[in-house]
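The values are calculated or read from the model by the stated rules, or taken from the named source; none is laboratory data. A quick note: this is a predicted structure, and the numbers were derived from the prediction, not measured. Please note: Cβ atoms are built from the backbone with ideal geometry, for glycine as well, and neighbour counts cover all protein chains shown. Accessible surface is based on the protein model in full, side chains and every heavy atom, while ligands, DNA and RNA are left aside. Shrake-Rupley method; radii C 1.70, N 1.55, O 1.52, S 1.80 Å.
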Amino acid sequence: MQPVAPAPFLKMHGLGNDFVVLDGRRHGWTVTPALARALADRRTGIGCDQVILLTAGAEAALDAAMAIWNADGSTAEACGNAARCLVGLLLDESGADLVRLDTPSGPVSGWRAAADLAGPGRNDTGDWISVDMGPVRTDWRDIPVASPCDTLHMPVSGGPLSDPVGVNVGNPHAVFFVPDAEVVDLATLGPQIERDPFFPRRVNVEVVSLLDTRTLRMRVWERGAGITRACGTGACAALVAAHRRGLVDRPAARLRLDGGDLHIAWRDDNHVVMSGPARTAFRGTVSPALLAAAADTAGPVAGA
């Protein structure tokens with residue numbers, strides 16, 4: 001197959017949860033599972049947790065839309081850190097105070113975060129972004145799980161992990177509260193719970209420890225990506241789960257992740273707002289050889 005022309009990309013990240021962003025507004029990208037896997041490969045591709053396709057919004061009220069592929073080629077309904085990165089990109093492009101981004105799980109809106117949310121150590125580049133991730137869902141049908149249950153105490157376990165809270169923040173999460181998140185063998189337990197038959201669409205797995213009534217330590221196994229340094233929707237789910245369990249004294253807290261901190265607030269209208277940094281690491285072009293290799297596997301994948 002003839003190689004296709006080099007095509008540009010952005011490498012972005014939120015707290016080290018990293019993305020290859022393809023701008024479909026300017027280039028005719030067609031993403032396939034094979035292309036997503038090729039781009040995400042950290043040895044032979046660019047390397048990322050998720051591949052993100054940015055396109056024009058389908059309605060005038062939407063500034064843009066995003067689609068999400070995990071590193072294993074599967075698709076995802078939501079990605080909080082990627083949404084924050086794209087919101088930052090759109091704010092820079094437009095000069096607007098607020099942008100609306102369509103996602104597979106519904107529209108989200110974003111703006112530049114208030115300085116006091118970042119706390120001590122905020123850098124002077126103004127890269128903290130707030131995103132309204134939309135309404136939280138906690139019914140067993142919405143997670144979803146295979147049979148009716150109280151999602152505040154789901155009947156799922158793996159090794160020392162048990163009694164998770166189920167939360168859907170655009171995608172499904174099982175939040176386990178543990179004495180010390182640092183010592184959990186997430187590399188072994190994460191994939192087991194992700195693919196437990198109780199979760200027909202698989203699940204993201206969070207292990208969370210209470211540091212104080214306003215600070216949570218969280219580690220995450222992301223569905224389709226494995227252990228990542230941060231997960232925005234996972235942090236939202238962890239705050240919601242902690243408040244439902246009565247572990248935090250208000251519906252807002254700082255989430256301490258492997259890559260840094262996020263501020264999460266669960267509002268009275270049931271929407272959850274995530275605030276944290278969004279950064280561009282570099283720009284580049286995808287080589288014709290990499291595009292051709294993916295195309296040989298799954299047909300045409302991109303055109304510049």
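The condition of being over 14 Å from the mean Cα position of the chain (by Cα), closer than 22 Å to Ala40 by Cβ, open to solvent by 40 Å² or more (accessible area, probe 1.4 Å) and basic (Lys, Arg) does not hold for Arg254. The residues on offer are Ala36, Ala65, Ala76, Ala7, and the sole one that is in contact with a His (Cβ under 7 Å, 6 or more places away or on another chain) and open to solvent by less than 20 Å² (accessible area, probe 1.4 Å) is Ala7. Looking across region 195-208, the residues that are of a type outside the set (Val, Ile, Thr) and open to solvent by less than 10 Å² (accessible area, probe 1.4 Å) come down to Phe199, Asn204, Glu206.
Residues that are part of a strand (DSSP E or B) and of a type in the set (S, T, N, Q) were ranked within region 145-167; the one that is farthest from Gln192 (Cα to Cα) is Ser162.
Looking at region 125-167, which of its residues are open to solvent by less than 60 Å² (accessible area, probe 1.4 Å), small (Gly, Ala, Ser) and in contact with a strand residue (DSSP E or B) (Cβ under 9 Å, 6 or more places away or on another chain)? Gly126, Ser130, Gly134, Gly158, Gly166, listed by residue number. One residue stands out in region 42-62 among those that are open to solvent by less than 60 Å² (accessible area, probe 1.4 Å) and out of contact with any Asp or Glu (no Cβ under 6 Å at 6 or more places or on another chain): the one that is farthest from Phe282 (Cα to Cα), namely Thr55.
Pick from region 172-193 the residues that are within 16 Å of Thr228 (Cα to Cα) and in contact (Cβ under 8 Å) with a residue 60 or more places away in the chain: which of them is farthest from the chain's Cα centre (by Cα)? My answer is Val175. Residues that are modelled with pLDDT of 95 or more, of a type in the set (Asp, Glu) and closer than 24 Å to Ser209 by Cα occur in region 151-163; there is at least one. Given (1) surrounded by fewer than 16 Cβ atoms within 10 Å (Cβ to Cβ); (2) touching a helix residue (DSSP H, G or I) at 6+ places or on another chain (Cβ under 9 Å); (3) among the small types (Gly, Ala, Ser), identify the lone condition not met by Ala114. Condition (2) is where Ala114 drops out. Applying a threshold of 6 Å to beta carbon distances and a minimum spacing of six or more residues, or different chains, the list of pairs starting in region 52-67 at a residue that is touching a residue at least 24 places away in the same chain (Cβ under 8 Å) and ending at one that is open to solvent by less than 20 Å² (accessible area, probe 1.4 Å) and of a type in the set (Ser, Thr, Tyr) reads Met66/Thr103.
Note on region 168-180: residues that are in a strand (DSSP E or B) and either over 22 Å from Asp212 (Cβ atoms) or open to solvent by less than 10 Å² (accessible area, probe 1.4 Å) (or both) amount to 6. Residue-level check: of (1) surrounded by 16 or more Cβ atoms within 10 Å (Cβ to Cβ); (2) within 18 Å of Ser74 (Cα to Cα), His243 misses just (2).
The condition of being under 19 Å from Gly170 (Cβ atoms), part of a loop (DSSP other than H, G, I, E, B), in contact (Cβ under 8 Å) with a residue 60 or more places away in the chain and aliphatic (A, V, I, L, M) holds for only one of Ala230, Ala242, that being Ala230.
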